[in-house]
Amino acid sequence: MEILPQPKLSRKERAKEMKCKVCDLEVSEEGFCELHLKAYGNILMKFEVWKKAFDVTWSQYLVRIQKNSLTGEWAKDVAKYLIEEELKDV
Ligand SMILES: [Zn+2]
């Protein structure tokens with residue numbers, strides 16, 4: 001019972017490739033390049049607002065911002081990536 005699979009570890013391994021999860025630029029932090037990291041930060045920040053205002057879940061929110069024409073290209077890329085991650089984790 002001591003040796004358990006640790007999927008989170010392998011994720012960190014992938015980050016060592018030093019490429020953004022969304023594009024091929026060099027990684028800044030958390031697996032994103034500078035621009036996508038900024039977009040990711042904005043997505044997280046806006047979610048706090050949306051959650052309170054519209055009572056949406058994380059995935060619903062991601063789908064909405066991805067479809068929103070007002071969402072910037074960078075944020076859309078990140079949202080698309082996060083949606084795919086959500087589907088993988090289930
Ligand atoms: Zn990037």
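Rule-based calculations on the coordinates, nothing more; no lab input. Only a predicted model underlies this, so the values are computations on that prediction, with no experimental measurement involved. Neighbour counts are summed over all protein chains in view; Cβ atoms, including those assigned to glycine, are modelled from backbone coordinates with ideal geometry.
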For region 41-50, Karplus couplings with θ = phi - 60° (6.51, -1.76, 1.60), whole Hz, Gly/Pro x
x, 5, 4, 5, 5, 5, 4, 4, 5, 4
Relative contact order [Cα under 8 Å, 6+ residues apart], region 11-89, whole percent
24 percent
Sites matching trypsin sites (Lys or Arg not before Pro) across region 13-90 that sit in DSSP coil, with at most 12 neighbouring C-beta atoms within 10 Å:
Lys16
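Quick one: net charge of Gly72's neighbours, Cβ under 14 Å, K/R +1, D/E -1?
On the way: positive: Lys38, Lys46, Lys67, Lys76, Lys80; negative: Glu73, Asp77.
Local net charge: +3.
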Just subtract the alpha-carbon distance of Arg64 and Leu25 from 0.36 nm times their residue separation and send over the number in nm, one decimal.
11.4 nm
Set Lys21/Lys80; Lys19/Lys80; Lys46/Lys88; Lys51/Lys88; Lys52/Lys80 screened for pairs whose C-alpha atoms are more than 20 Å apart:
Lys46/Lys88; Lys51/Lys88; Lys52/Lys80
